[in-house]
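As structure tokens, the structure follows; a few thoughts come after it.
Read the figures in this text as sums done on the coordinates, not as results from a lab. If you're wondering where the values come from, they're calculated on a predicted model, not measured in any experiment. Here Cβ is always computed from backbone atoms with ideal geometry, including for glycine, and neighbour counts include all displayed protein chains.
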Amino acid sequence: MDARNWRRTITVRTVCGAVFWEPHNNDIQANVAAMEDALRGCPWYGGESHPVFVQDGVGLLAGRWAGERGPVAETQAGTDCRDGLTVAADARLDNREELMAALAIVPADGTELSNAELLLRAYQRWDVDCAARLLGDFVFVIWDSGRQRLVCVRDFVGARPLYYHYQPGRRFTFASDLMALIACPQISRQLNLAYVKAHLLTVPGQYQHPIHTFYQEIEKLPPAHCLIVDRAGLRLHAYWKPDHIPERRYRDEEEYVAELRSLLRSAVACRVQDTGHEVGAHISGGLDSSSLAVLSHQILRAENRAATGISWAPPFSVVAPMEQDERSLVQATAEAGGFAVCYTTLTEDQVLEHAARDITAQPTTTLQLELAASRQAASLGIRTMVSGWGGDELLAFNGRGYFASLLRQGRWLTLQRELALQSRLHGGSVWKSWIRRGIFPYLPAAVLRLLRSQTVRRATTLPAYLRPDFAALLASTQELPRPDLRERPGVRQMQIALLLNGHIPYRLESWAAHGATLGMTYTYPLLDRRLVEFALSIPEELFFKHGWKRYLFRTAMAGILPDEVRWHKVKADPAMVKHVKQVTEAADNRVRAALAERADNLFVDVEQLIAAKEAAARAAEDGSVQARRRRASVERGQWLAFVDPSAVL
């Protein structure tokens, strides 16, 4: 099949559409029109949207970011009308050459082949099994008119989101941008009370689930899954499973180090080369982000380009140097790597904006500082942001579960040696570590809760400032299960539990939605599938050795990171914490005023909430951990005041 026969390609940053199985031609037109209006209403889509295919109850729609024109090879939609296949895709494929070889596409033809067109050929060859052969960040949908079905695929870690609404036997509506989906007139914004309840009872942090959302009628396609939709219903298929990764066993440590370095450099290169615009890289004093910033800059220098480090920490002009200041490590890395660093100044406006977000419609996590950092980056022309997210759970894992595994295997001498070395390096009691890290992972959850009742607290009651009728509804709602990520025996078991928990894709969804508003793509080299599979396959002792957690990653970064960063014992960011505290406290009155303007909301009694916030703020003046936790607990339901009034119970 010649590339010239492919009928249509356009630049795509969001995909959405619907399938109606009943002859409701007016309904499909109304849905497409509503989605078009939603995309046009978002300034970051430049007031444009493009129907890719609207016919016989099926509509696919694509949107692109403002200012993007012309072909962009990594993100295109294509249609092959002759074979009855239509694809809309937002995809960066990292194994194009491998795919073309398997599909017998000669290189000369492949240079003109968009990723979307390549996805269609892969589907024609391997059907839904094509998903397992893909490397990269992607979401795509294929309408197969011959079989009257829609195939939806999300990448293995969830870098690209996909939300959907399904009414059995009638319609299926989907969008990679949640705002486009909730604009559809047939979709109710009824709140998912079970999800809301779980969210309110998750303290500290936020409740995350791979499938559920804040809306009763909207779900997410989980990472590493393919969804087949036809008149008979939905069929969900996992095309990648973390517990199916074969083990790697090499002769010596150097082989693991060499493979890690090779895979890491390749993962970074796939994400920063040939982007055609400025690249930023998050950088803190930690191993993950520091290594990615250095490698990004090294790779870009070959193109006479540069990466810019983006730190959440404040400039020294805003907060003077402090003890255990991570900025000294940031500076050391940047000077050794030869790249510039931009620090972040948080403003009261941004604190207010973050507090007033409707998190039911705008996925929001770890975004307060990123609002400021990303906008500063965008002002520098940065359109690709490299993040170290996911490293702590996988490649640079701290080895949780290793000591309990040693105990189970009867390797007590190794356990004693490692705990003694850890104590020598970091302090602490060896015998307490035996109990906490070796024995506690085997105890039943109920016993562990009793033993840790004074140190580990979990919310058991809803906030007192909820409106009585809303509180009664929540009280009668069965709670969704909350994950128990306590330490258990086995490094790999812990890594898999963290990977499947939902917090990793939730940040990806949040930053994808925010990045769209700036025309910015976030990339996560440490969540590259090849690196994830490497991390899940190596011996567990490589994560903790000679008293050092993250041992293999530290070792592999020799010559990439300064030794003071590589072997730094404690990661602390006191300057960032101080700056956020100062600005947040300064913005408190403005947040309270914004709350007062929402006094007629359906969910919280604003006067009670403000009184509780003021009491918590007074108590927090002593700076104790308990006081900060109480303040966080009080504010856990504040977001309800800012939920769009069109959301219903």
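Charges at C-beta only: +1 for Lys and Arg, -1 for Asp and Glu. How large is the resulting dipole of segment 196-326 about its Cα centre, in Debye rounded to 20? Could the numbers behind the result be given before it?
Values: 13 positive and 17 negative charges, 107 e Å.
Once rounded to the nearest 20, the dipole reads 520 debye.
Can you give me the distance in nm between label points at residue 170 and residue 615, each placed 7 Å from the Cα along the Cα-to-Cβ direction?
For residue 170 paired with residue 615, the spin-label model returns 4.6 nm.
Loop-only GluC sites (Glu not before Pro) in segment 248-346, please: DSSP not H, G, I, E or B, and at most 16 other Cβ atoms within 10 Å. Intermediate values should be presented prior to the final figure.
Values: sites: 253, 254, 255, 259, 278, 303, 323, 326, 335; in loops: 303, 323.
Those that pass, being in a loop and sparsely packed, are 303, 323.
Let me know the charge dipole size of segment 73-195 about its Cα centre in debye, to the nearest 20, where only the beta-carbon of Lys, Arg (+1) and Asp, Glu (-1) is charged. Don't skip to the answer; put the middle values down first.
Numbers: 13 positive and 16 negative charges, 143 e Å.
My answer is approximately 680 debye.
May I ask for the distance between the Cα centers of segment 184-223 and segment 556-627, given as a whole number of Å?
Centre-to-centre (Cα) distance: 24 Å.
What does the convex hull of the Cα atoms of the chain come to per residue, in Å³, rounded to a whole number? Don't skip to the answer; put the middle values down first.
Numbers: hull volume 107.8 nm³, N = 649.
Roughly 166 Å³ of hull volume per residue.
State the answer as a single residue: which of 224, 122, 163 lies farthest towards the positive end of the charge dipole of segment 105-246, with beta carbon charges of +1 for Lys and Arg and -1 for Asp and Glu, about the Cα centre.
Ranked along the dipole, the leading option is 163.
Of all DSSP beta bridges located in the chain, what percent are antiparallel, nearest 5?
Numbers: 60 of 75 bridges.
DSSP beta bridges in the chain are roughly 80 percent antiparallel.
Dipole size in debye (nearest 20) for the chain around its Cα centre, Lys and Arg Cβ +1, Asp and Glu Cβ -1?
Details: 76 positive and 73 negative charges, 414 e Å.
The dipole magnitude comes to about 2000 debye.
Ranked by Cβ crowding within 10 angstrom, fewest neighbours first, how are 100, 322 ordered?
Values: 100 19, 322 16.
Ordered by Cβ neighbours within 10 Å, fewest first: 322, 100.
In percent, how large is the relative contact order of the chain, given Cα pairs closer than 8 Å and 6 or more residues apart?
On the way: 1187 pairs, mean separation 102.8, N = 649.
Across the chain, relative contact order equals 16 percent.
Using only the Cα atoms, work out Rg/Rh for segment 94-246, with Rh taken as the Kirkwood radius, to two decimals. Please list the in-between numbers first.
Numbers: Rg = 17.6 Å, Rh = 17.2 Å.
That ratio is 1.02, to two decimals.
Among 197/613; 545/581; 220/613; 571/613; 220/241; 545/578, which pairs are too far apart, with a Cα-Cα distance over 25 Å? Write down the numbers at each step before the final one.
Details: 197/613 20 Å; 545/581 37 Å; 220/613 33 Å; 571/613 30 Å; 220/241 18 Å; 545/578 34 Å.
Too far apart for the 25 Å limit: 545/581; 220/613; 571/613; 545/578.
Take the Cα radius of gyration of segment 216-270 and divide it by 2.2 N^0.38 Å, with N its residue count; two decimals is plenty. Before the final figure, lay out the partial values.
Values: Rg = 18.7 Å, N = 55, 2.2 N^0.38 = 10.1 Å.
Relative to the rule-of-thumb radius for its length, segment 216-270 sits at 1.85.
Of the options 151, 134, 102, report the single residue whose Cα projects farthest towards the positive end of the charge dipole of segment 83-154 (beta-carbon charges: Lys, Arg +1; Asp, Glu -1).
151
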